Amino acid sequence: MTPFLLGIGSSLIASVIALGFGLLRGSRPLWWLIAACSSFTGTGLRRVYHRQSSAEQDIARDLRRARWIKVLAGRGNVLTREAFSPVWSGELAPDSVQVLLPDSQAQGDSWLDRRSHDIERFDPGYTPDLLRSQVRTNVDYLVHVTSWRSNVELREFNMPNTCRVIATDHAAFLTFYSSSTHGRNTPCLYVRAPSLLYSIALQQFDIAWMHSSPTHPTHL
């Protein structure tokens, strides 16, 4: 079985876990229960946010103590918001920042095209080129704010992307995408290192990184 298939299989397992714990809706006492069970099983799961968008304050907290940062995203909107602002401004200085976004210039049957078709089914405001345009805008933003940073590497991929990963040397925020809703409305898992789910998160990033290419900005 190839590493890619192993990654997908691991993603499906973790997705089932996310669905079950997603029902807990982020109650703080239940976070303690999750952490206790996680310590016993070795999964590393410490918290579940009912919506991915609810995790941004805690993402900002983790970035502030990170030695390195890895991001695999399907669109990259979070990279342009407040949580990552200290990273791009130089207020934070991790040893390395690696960012992966979909290739918005890929031709033919690209991953963005397939994801766009999914989104059109539940969001009528999406046109076939809208997702590409949003990714291009985020890529151009990142190229501009990181042009003077030697510790940041931006790359693009064109392969099935089943999740968003924001990982540091301490923990990872892991969101499995759904074909029936936007990623921001999907449950997000917070997993600590070292653990099974943390390894799965890094595996997803490493597979995409292995099949990526340097970013080509659309504007300068």
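Summary of values
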read-out	value
Inter-label distance for SER178 and TYR141, nm, one decimal - labels placed 7 Å from Cα along Cα-to-Cβ	2.4 nm
Amide proton proximity set for SER96, modelled H, under 5 Å, gap of 5+	ILE69
Phi to ³J(HN,Hα) by Karplus 6.51 cos²θ - 1.76 cosθ + 1.60 over segment 66-73, Hz, x for Gly, Pro	7, 7, 9, 9, 10, 10, 10, 9
Hull shadow area, averaged, segment 43-143 [alpha-carbon convex hull, nm²]	8.1 nm²
ASP129/SER89 FRET efficiency (R0 30 Å; Cβ-Cβ; nearest 0.05)	0.45
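Every read-out reported here was derived from the displayed coordinates using simple, explicitly stated rules and does not represent laboratory data. Just so we're clear, the structure is a prediction, and the values are computed from it rather than from any experiment. Here the Cβ is made from the backbone with ideal geometry for all residues, glycine too, and neighbour counts use every protein chain on show.
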